[in-house]
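*Asks:* I'd like to ask you about the structure that follows.
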Amino acid sequence: MSQCIFCKIARGESPADVLYRDEQLLVLKDINPQAPVHLLVIPVEHYPNLQQASANSALVSALIKKCTQLGSELGSQGYRIVVNTGPDGGQTVDHLHIHVLAGRPLQWPPG
Ligand code: 5GP
Ligand code: ZN
């Protein structure tokens, strides 16, 4: 996906604060953080959303494993992982990404 911002970041064509990468996934800091810790875990390969990636169980498992690892390392009092999906879900970037939020008490329900 040549114009997708997260594909561009994965290819190294757009700048980002990338904390980790391997052949399957990247971890980057969100450009507009909503908590002291706000990371995005994204697959290198373009999937528009979690629905489209769900058949790739090895990938989904790797993404969730990375999220829980980050959450347990960085969220001493807990953390939240979020996958916004589709317009009503609040998804604004159509490349699968999982938010990892921590570092402050998070409210519920979300808006
Ligand atoms: P969504 O609303 O789709 O669940 O989340 C998209 C997230 O991507 C938002 O939190 C937004 O701040 C973040 N974001 C959008 N563009 C960029 C970018 O170019 N770089 C980084 N690091 N984050 C971005
Ligand atoms: Zn993409």
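All of the numbers you see were taken from the coordinates with simple rules; none came from a lab. Since we're looking at a predicted model, the values are computed, not measured. Here the Cβ positions follow ideal geometry from the backbone for every residue, glycine too, while neighbour counts run over all protein chains shown.
*Asks:* For region 5-102, what is the relative contact order in percent, using Cα pairs closer than 8 Å and at least 6 residues apart in sequence? Display every interim value, and only then the final one.
*Replies:* Details: 153 pairs, mean separation 29.8, N = 98.
Reported relative contact order: 30 percent.
*Asks:* So between Ser72 and His38, what do we pick up on full extension, going 0.36 nm a residue minus the alpha carbon distance? Provide the component values of the computation, followed by the final result.
*Replies:* On the way: separation 34, 0.36 × 34 = 12.24 nm, distance 1.35 nm.
Residue separation times 0.36 nm, minus the Cα-Cα distance, leaves 10.9 nm.
*Asks:* Using only the alpha-carbon atoms, how far is helix 57-74 inclined from the longest principal axis of the chain? Give it as 0 to 90 degrees, nearest 10.
*Replies:* 40
*Asks:* How would region 30-90 be classified by its alpha-carbon gyration tensor: rounded, prolate or oblate, with rounded meaning a/c under 1.5 and the a/b versus b/c comparison settling the rest? Each step should come with its number before you reach the end.
*Replies:* Details: a/c = 2.14, a/b = 1.36, b/c = 1.58.
Here region 30-90 falls in the oblate category.
*Asks:* Can you list the equivalent-ellipsoid semi-axes of the chain, largest first and in whole Å, using the square root of 5 times each Cα gyration tensor eigenvalue? Let's see the in-between values first.
*Replies:* Numbers: eigenvalues 88, 50, 42 Å².
Gyration-tensor ellipsoid for the chain: 21, 16, 15 Å.
*Asks:* Right, something else. Quick one: go through region 52-75 and flag any residue whose amide nitrogen is under 18 Å from the point 7 Å out along the Cα-to-Cβ line of Val18.
*Replies:* Inside the label zone: 63, 66-67.
*Asks:* Now a separate question. Order by neighbour count: Lys65, Lys8, fewest other Cβ atoms within 10 Å first, most last.
*Replies:* Ordered by Cβ neighbours within 10 Å, fewest first: Lys65, Lys8.
*Asks:* Cα gyration tensor of region 71-111, axes a ≥ b ≥ c as square roots of the eigenvalues: rounded (a/c below 1.5), prolate (a/b > b/c) or oblate?
*Replies:* Working: a/c = 3.92, a/b = 1.69, b/c = 2.32.
It is oblate, given that a/c is not under 1.5 and a/b is not larger than b/c.
*Asks:* Then there is this: If amide H atoms are built 1.01 Å from N in the plane of the peptide, which residues on other chains or at least 5 residues away come under 5 Å of the amide H of Tyr20?
*Replies:* Val27
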